[in-house]
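First comes the structure, then the notes that go with it.
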Amino acid sequence: MLSKQDNELLCRVGRGRPMGELMRQYWMPVVYDWELERDGAPLRVRVLGEDLIAWRDSNGKPGFVVENCPHRGASLFFGRNEEAGLRCVYHGWKFDTSGACVDMPNEPAESDFRTKVQARSYRAAEYGGLVWVYMGERQDAPPEVPRFEWGLVPPAQRQHSHKLVYVCNWLQALEGELDTTHVYFLHSRLNPSLPAKYGTWVDDRAARLSVLNTPGGVLYGGKRVEEDGNTYWRTTQFLFPIYGMFPGGRDDGTVPLSIYVPIDDEHTLHMGVFWHPTRALETGRDPRKGSLPDEPGVLANGVGPMKPHQHGRFFADWWPVVNHENDFLQDAGARKTKSFTGIPGIRLQDSAVIWSMGPIMNRPNEHLGTADAAIIRVRRRLLEATKALRDQGAAPPGVDDASVYTVRSCLTVLPPEANWLEALADWHNARTLEHPNPGFMGRRRILEQAVSHQYASDSRAT
Ligand code: FES
Ligand SMILES: [Fe+2]
């Protein structure tokens, strides 16, 4: 459990709050590059509690500007995106991507008032198919964007699988990613003789965890012993401050990443990315157009469809159809006969439990066991880094070393005598393109097929 004070410290992300200041040390991924068209419609986004307008100018340069115009506060969402600037529709003031006022047509020509006004804007960068915002103090010389391997490989080797708004705090969403034992309950089928399309199955549902600190966060391995004495390892990376690389990729070495951007204290933007160090993946699927299976109990891929464009709301295209207002389409019949939850999809099952904790989980009331060791460690690291920044001004992990993000998670079988950390070090640190044990899933005897049955490169269990 956490004290009320530490829970508040970890969860609240507004400007001036300790965690809000920690988050502002880092770049935050916000929109897909294709969402921002040159001279196209500006988008409403909210990041770390600040309402921003994301846009792309005539030269292709992306920008993030505080939503309300510095003149008299009209929303720049209605602005005209034209001739390398965003022009407020109220009195025609026009701003470039740096926030400089480049035209003030309602003032006399001889006035120099224009040069005294600045729209508050933040640095933008493009990396790995996403547009990122940096909201920290170092606007003139921001740190490097985290050097994730999926931004280094050719676009054909990465897939942006899903994106949606969660109505809950960012930390409980991230913690779901770091929680290895839920996979064989929440995501399971009712018994092993049922087809894998209804969920996961393993006989040994109590993993033994090894947890250690890394330069960029925390690495942990969950170990299960196979019938033949070999060990089945699922390893996960937490990377500061909002990333979880879980071991749900294919057994060929596809690696998944989950991203949890705090929208504000009670909303989170969740995105999924998959990549392969050498092979092409399925690309080109529109992450807005998910579908749901006809048969209750069968797992959907991803997060299902998105609602129609939500006019007037931030992230207007990313509100899921399956949500707490329809009880995540839980089906009582399927829960009795097919799957543990009756909720139609792994990501939707995750969503249901994460949202059900309330807008901000009340951690003073929880009871953590040994299976929660990774969650405990990640919280400790976040608390330490947040307090070190607040009290000593210490830069948190990864801010000034983008290379700590060039890592992977793993899913593999090792011989009984192998030391997992040594055996997987080259793979974990992206020093090799060779998966330590490629294609092993088909040969495993204790097989939780649902983790591998989800199609080629979509959302899977943590
Ligand atoms: S409020 Fe924007 S130009 Fe006047
Ligand atoms: Fe999960």
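The residues on offer are ALA173, ALA196, and the sole one that is modelled with pLDDT of 85 or more, closer than 18 Å to ASN301 by Cβ and small (Gly, Ala, Ser) is ALA196.
Kindly provide the set of residues from the stretch 67-86 that are among the basic types (Lys, Arg) and more than 8 Å from ligand 1 (Cβ to nearest atom), ordered by number.
Correct list: ARG80 only.
Taking the stretch 105-121 as the range and being polar (S, T, N, Q) and in contact with a Gly (Cβ under 7 Å, 6 or more places away or on another chain) as the test, the residues that pass are ASN106, GLN118, SER121. Restricting attention to the stretch 378-396, the residues being surrounded by fewer than 20 Cβ atoms within 10 Å (Cβ to Cβ) and out of contact with any Asp or Glu (no Cβ under 9 Å at 6 or more places or on another chain) number 10.
With respect to the conditions (1) more than 30 Å from THR412 (Cα to Cα); (2) free of Cβ contacts under 8 Å to residues at least 24 places away in the same chain, ALA316 lacks only one, and its number is (2).
Would you point out which residue out of LEU383, LEU411 is under 24 Å from the mean Cα position of the chain (by Cα) and at pLDDT 95 or above? If you could, list the steps in order and put the result at the bottom.
Values: LEU411 fails: at pLDDT 95 or above.
Going through LEU383, LEU411 in turn, the sole match is LEU383.
Every residue, every condition in (1) part of a loop (DSSP other than H, G, I, E, B); (2) within 13 Å of ligand 1 (Cβ to nearest atom), yes or no:
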{"position": "ARG114", "(1), (2)": "no, yes"}
{"position": "ALA124", "(1), (2)": "no, no"}
{"position": "TRP132", "(1), (2)": "no, no"}
{"position": "GLY136", "(1), (2)": "yes, no"}
{"position": "GLN139", "(1), (2)": "yes, no"}
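Can you tell me which residue within the stretch 37-89, out of those that are small (Gly, Ala, Ser) and within 18 Å of LEU269 (Cβ to Cβ), is surrounded by the most Cβ atoms within 10 Å (Cβ to Cβ)? Checked the stretch 37-89; the qualifying residue surrounded by the most Cβ atoms within 10 Å (Cβ to Cβ) is ALA54.
Determine whether the stretch 363-380 contains at least one residue that is at pLDDT 95 or above and on the phi > 0 side of the Ramachandran plot. No, that holds for no residue.
For LEU171, the conditions (1) assigned to a strand (DSSP E or B); (2) within 20 Å of the chain's Cα centre (by Cα); (3) more than 15 Å from ligand 2 (Cβ to nearest atom) all hold with the exception of (1). In the stretch 158-183, the residues that are farther than 25 Å from THR254 by Cβ form Cβ pairs under 6 Å with partners that are aromatic (Phe, Trp, Tyr) and away from ligand 1 (no atom under 16 Å from the Cβ), at six or more places apart or across chains, as follows: VAL165/PHE315; VAL165/TRP318; VAL165/TRP319; VAL167/TRP355; CYS168/TRP355; TRP170/TYR260. For the stretch 31-52, the condition of being in contact with a Gly (Cβ under 9 Å, 6 or more places away or on another chain), aliphatic (A, V, I, L, M) and within 13 Å of ligand 1 (Cβ to nearest atom) holds for none of the residues. Just a yes or no: is a residue in the stretch 194-215 outside any loop (DSSP other than H, G, I, E, B) and free of Cβ contacts under 8 Å to residues at least 40 places away in the same chain? Taking every residue of the stretch 194-215 in turn, at least one turns out to be outside any loop (DSSP other than H, G, I, E, B) and free of Cβ contacts under 8 Å to residues at least 40 places away in the same chain.
The values are calculated or read from the model by the stated rules, or taken from the named source; none is laboratory data. What you see is a predicted model, and the numbers here were worked out from it, not measured in a lab. Note that each Cβ is placed from the backbone with ideal geometry, even for glycine, and that neighbours are counted across all protein chains shown.
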